[in-house]
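Report on the structure given below.
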């Protein structure tokens, strides 16, 4: 999967597959509650279904990991690396057939946790590993008081700005408030370019909106209840519509996907865009755009909050596999393994030791500074997948309609699901 499409695929069928697995008896996924109890025959081989982050690195890493896993613990790890385009369907089919992998690398876990299919951290995660994982990822990996969604890597967003276009427009520094962003975007637009590239298309509109609403005191949920149409969120979407109405964004933000916005910025024709570290790597490799990265501005100039994303390495309860699963996590969360994987794939750490390790790269400073306090979408809610899909399909309509009405409808959808 290309880095510009990372995290666009979620398990839309995950909940249905989980329910089918719970209802089925027998097979390799049976004895869910028992896990790897003393009376079960101990597994000597476990399976990993891993998402393909890159063709150059993902399979090579997991194959080498399997060799190390075998030599260190004596267990065999069968590795199946699947593209992001196919992993949802393949994993869902396996679960429906009562044959889940022992370890699944996916970006949604809560529906499986809800149905009692997963090991929690107390059962399989070494104490040293759990204490090293950044608290924000523990928080969003926790369902009903137990930690099930163990993070593999992360990304965080920041404001990318074209320093040449800023200089041409007479702008000395990146914006720190929305008012400044609006003024800067107007100056760049007056010079014949796009001031701010705003992707509200169906690929990942929830990501763009998250970055804005988190920086206006908003959130998707408040005190356990959906807050999609909160006063802060309506104010946020109204401001975004204002930018589009003023013509300082590209034409038709509702049909612009993240990849399109990245391409526009990479062409040198956009002054600002929300991006992440893989975009920086792509821009550096291309070498045609002069750019810098800054924290995304808040509405009132207070400390910036970043939107974070992580994927999960979740473990399915299967008869006899608990010890082998424990060994898997012990090895993966060792510093040499996890930091190597993240560095090769070009993403961000999920552990405190990883934060310290990646301090060597000055280009990551803006992300590392905000990562410990990153805010995520509510992946700890089993209904989020369906709600996210509704957001992706409908949020952009506010650009030509009424932001209040758009968010009211999404709020109704969330409440009907939850």
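The values are calculated or read from the model by the stated rules, or taken from the named source; none is laboratory data. Given the structure is predicted, the values throughout are model-derived calculations rather than measurements. Positions of Cβ are backbone-derived with ideal geometry, glycine not excepted, and every protein chain shown enters the neighbour counts.
Does residue 217 qualify as being on the phi > 0 side of the Ramachandran plot and at pLDDT below 95?
no
Filter the range 354-372 down to the residues that are surrounded by 16 or more Cβ atoms within 10 Å (Cβ to Cβ) and farther than 25 Å from residue 203 by Cβ and list them by number.
354, 355, 357, 358, 368, listed by residue number.
Does the range 348-366 hold any residues that are at pLDDT 95 or above and in contact with a strand residue (DSSP E or B) (Cβ under 6 Å, 6 or more places away or on another chain), and which are they?
Passing the criteria: 348, 350, 351.
Among 37, 11, 17, which is the only one that is closer than 16 Å to residue 326 by Cα, modelled with pLDDT under 95 and in contact with a helix residue (DSSP H, G or I) (Cβ under 9 Å, 6 or more places away or on another chain)?
After applying the criteria, what remains is 37.
Can you confirm whether residue 341 is in the same structural domain as residue 136 (by TED's automatic domain parsing), in contact with a strand residue (DSSP E or B) (Cβ under 6 Å, 6 or more places away or on another chain), over 30 Å from residue 41 (Cα atoms) and crowded, with 18+ Cβ neighbours inside 10 Å?
no
If I filter the range 63-72 for residues that are in a helix (DSSP H, G or I), over 27 Å from residue 354 (Cα atoms) and in contact with a helix residue (DSSP H, G or I) (Cβ under 8 Å, 6 or more places away or on another chain), do I get at least one hit?
no
Which members of the range 304-321 meet the condition of being crowded, with 24+ Cβ neighbours inside 10 Å and more than 22 Å from the chain's Cα centre (by Cα)?
Those that are crowded, with 24+ Cβ neighbours inside 10 Å and more than 22 Å from the chain's Cα centre (by Cα): 317, 318, 321.
What are the pairs, 6+ residues apart or on separate chains, where a residue within the range 85-100 that is at pLDDT 95 or above has its Cβ under 7 Å from a residue that is part of a helix (DSSP H, G or I) and surrounded by 21 or more Cβ atoms within 10 Å (Cβ to Cβ)?
Note: pairs meeting the criteria are 100/21; 100/94.
Can you confirm whether residue 121 is closer than 30 Å to residue 191 by Cβ and either modelled with pLDDT of 95 or more or in the same structural domain as residue 50 (by TED's automatic domain parsing) (or both)?
No: the conditions fail for residue 121.
Out of 267, 230, 225, 210, which single residue is in contact with a strand residue (DSSP E or B) (Cβ under 6 Å, 6 or more places away or on another chain) and modelled with pLDDT of 95 or more?
210
Within the range 384-395, identify whether any single residue is buried (at least 21 other Cβ atoms within 10 Å of the Cβ) and under 14 Å from residue 310 (Cα atoms), and answer yes or no.
There is no residue in the range 384-395 that is buried (at least 21 other Cβ atoms within 10 Å of the Cβ) and under 14 Å from residue 310 (Cα atoms).
Might you check whether a residue that is farther than 19 Å from residue 397 by Cβ, outside any strand (DSSP E or B) and free of Cβ contacts under 8 Å to residues at least 60 places away in the same chain occurs anywhere in the range 250-257?
Checked the range 250-257: no residue is farther than 19 Å from residue 397 by Cβ, outside any strand (DSSP E or B) and free of Cβ contacts under 8 Å to residues at least 60 places away in the same chain.
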